[in-house]
Every structure is written in structure tokens, then in C-alpha cells.
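The block underneath contains the structure these notes are about, expressed in C-alpha cells.
The values are calculated or read from the model by the stated rules, or taken from the named source; none is laboratory data. Just so it is clear, the model here is predicted, and its values are computed rather than measured. Reconstructed Cβ throughout: ideal geometry from the backbone, glycine too, with neighbour counts over all protein chains shown. What goes into the accessible areas is simple: the full protein's heavy atoms, side chains included, and nothing from ligands, DNA or RNA. Shrake-Rupley method; radii C 1.70, N 1.55, O 1.52, S 1.80 Å.
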Amino acid sequence: MTEKTQAGPVLIVGSPGDIHVDAVARRLGEEGVEAFVLDSLAFPEKTRVSLSDDLDCITVDGRPMGRPGAVYVRQLHGHPLAMDVDVAEEMEDDWRTTLVVFREKATLLKGLMGRWEALGVPLYNGPSSDWCTPKPTQLALLKAAGLPVPRTLWTNDAEAVRRFAAGQRVAYKPVTGGAATKELLAEDLTDERLGALDAAPVTFQELLPGEDIRVYVLDGEIIASLRIISSALDFRQNEERVEQVELPPEVARQCVKAAEVLGLRWTGMDLKRGADGVLKFLELNASAMFLGFDARAGSDILGHLTRTLARAARGKAPIRP
């Protein structure tokens, strides 16, 4: 029987139109816990947020929110390129002012998250891990911690790319994401093609030909491990089948350690098997999508997450240093 004891609200940061926000809010209701959505997509146009110089003086849409029971940070929508943000007309009319608006919006929301973190509110995930989540930082930190990662180069230097690519198969992709991973071919090493690096740096990485594994870690425990069957180099939108798998004990320990190294209470991480047979970490996502994996693999990531948020709201969250 679902526990129905009185609990403080779980605050969800994101858009009510996001299916993950909606699903978590609904399931929390079934757990007897109130879900309050801070609509970050509608902020600052509609959502009203006020902070005073007292740490816990926080008001959201007229409601005091100094100490929610827990916070699930789905999406801040703090950049014109963020998911579901559509400001094409505003950028065309006045790009400078639009960028300033987003800078101010992101700064206040991150400041709000920082206050909750300072107050000891469980955040999934808080701003303290922001500095180490960019891929050039996180992969270096994982390697320094003794965890397996693919050989990787982030650069805008054409000659560095040629040196890196010599004698090995290489994949390339954006530094942040947003485009499919492709294999680097001989025709990509021409002066003309590599001249594109003058516009933006790119990630170049040892091509890993083996299986794709997605692992979800929540408060130091693996709640799902999935194998993604795909014939494509980049499985995204090319999944043929997704199935639950049991990780070897050593890989499971590595996954838990990876989340700990990056300070993530909650993460979906991607691993891929190299030509040497070793599963290597590609990325840890601080706000991973999961509903599609639940639907295809029969996992219950949603249930694990919402039950954890409900326990946190009741004051039973795992203690973190």
C-alpha cells in the first residue's frame, strides 16, 4: 500500500508541458506528496519569483518556497537554444537584448538552486555539480579517478586533429551535443573541411564499435541498466531494441563511482564497448530522459525517482556530504 503520510512539497523545475515533468508530478500525487512546478519555460514572462536577502526568503507565484521537501531540476530553459525554447523572432529583432534577458534569467534561477542547496534541500541535481558536467571536464575527471574513458580530443586546431586521427578510427561530434555522432573519414581531413574548426571547436574521439549501455544511478544506487541494440554508430533515434541487463560487478561499481566523482545524485550515463572489449564512459547526463526507456525495456526508472523524491520530502533522503 502506498504511504500517505504528510510531506512537504516536491518542487519540480521545468515546463508543465514536458512529459517527464508531468509524469513525475502525477506519480508524486499517487505517493501522497504534493508536486509544485516552477515553470521555468514561462519565467520571467509569467512565472513570478522573488528572493530577499534572507537565504530562505523565496516566493514562487505568490507562495513561500523557502524550504521545499526536495527539488527535481528537469530544465532551467536558461538559453535561447534550450529544449522547447522558441525565441527566433526575438533574436532576429534584438539579439543582444534577448541574450541579456536569458543571462539574467539563468543567473537568478541558478542562484535560487544554490540557495536551496545551501539550505540542505535535496536537489536532483543542484548547481554545485555544474562546473564538472561539461564533457571536456567530466571525462577528464573520470579518467583521473581511474575510470575507463575513450581517447578524446576537443580542439579547433586542424593539425591536432590530423595527429589524433593518425592510425585509428575516430568519431566526431559537437562539444555540447545536439547533432549525431559521425565517423571521421579521409575526406574530412582536407584543409577545406577542417577549416570549419575556425567557427567552433569539435569533439574527436576514439571510435568505439561495440554495444551501447545506458545506466541510471540514483543516490548511489543503480536503478536500471539497459542494453540498446542499434546498427548505427549513434543509437539516438536508431534504437532497434532496448533490454534490461545485469552489469558485471566491477562495471556496476564504476558507474556508482562515476556519479560520485561528478557529484550527481541522479544521472543517466552512456557507456560503449571499445575494440578492446572494455565498456567506456561517454557521458553522464544530469537531467536524463527516461520515459522512453521505461516504455521499451519495462524498467521502472520513473517509479524509483518519484519514490526517492517522496522519501526526501518526508525527511528521509540519503545523507550527502
*With a 1.4 Å probe and every protein chain kept in, tell me what percent of the accessible surface of the chain is carbon plus sulfur.*
52 percent
*asked:* Suppose only helical runs count, i.e. DSSP H with n ≥ 4. What mean residue ellipticity at 222 nm does that imply for the chain under -39500 (n - 2.57) per run, divided by all residues and rounded to the nearest 500 deg cm²/dmol?
replied: -9500 deg cm²/dmol
*Could you run the Karplus curve 6.51 cos²θ - 1.76 cosθ + 1.60 with θ = phi - 60° over the range 129-140 and give me ³J(HN,Hα) per residue in whole Hz, x for Gly and Pro?*
9, 4, 5, 9, 8, x, 4, x, 8, 5, 5, 5
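For the range 13-55, what is the charge dipole size about the Cα centre, in debye to the nearest 20, if Lys and Arg each add +1 at the Cβ and Asp and Glu each add -1 at the Cβ?
Dipole size: approximately 140 debye.
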*Might you report the magnitude of the Cβ-based charge dipole of the range 242-293 about its Cα centre, with Lys and Arg at +1 and Asp and Glu at -1, to the nearest 20 debye?*
120 debye
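Given a cut-off of under 8 Å on Cα pairs at least six residues apart, what relative contact order in percent is computed for the chain?
18 percent
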_So if I take the centroid of the Cα atoms in the range 175-192 and the same for the range 294-311, what is the distance between those two points in Å?_
36 Å
*Sticking with the crude label model, points 7 Å out along Cα→Cβ, report the distance from A42 to A88 in nm, one decimal please.*
2.4 nm
*Report P(r) for the range 124-267: all Cα-Cα distances, bin width 10 Å, range 0 to the bin holding the largest distance, values in whole percent.*
10, 33, 37, 16, 3
*Please calculate how many Å² of accessible area the chain carries per residue, with a 1.4 Å probe and no DNA, RNA or ligand atoms counted.*
51 Å²
*Given +1 on the Cβ of Lys and Arg, -1 on the Cβ of Asp and Glu, and no further charges, what dipole in debye does the range 34-90 carry about its Cα centre, rounded to the nearest 20?*
240 debye
*asked:* Under 8 Å for C-alpha pairs, at least 6 residues apart: give me the relative contact order for the range 246-320, rounded to a whole percent.
replied: 17 percent
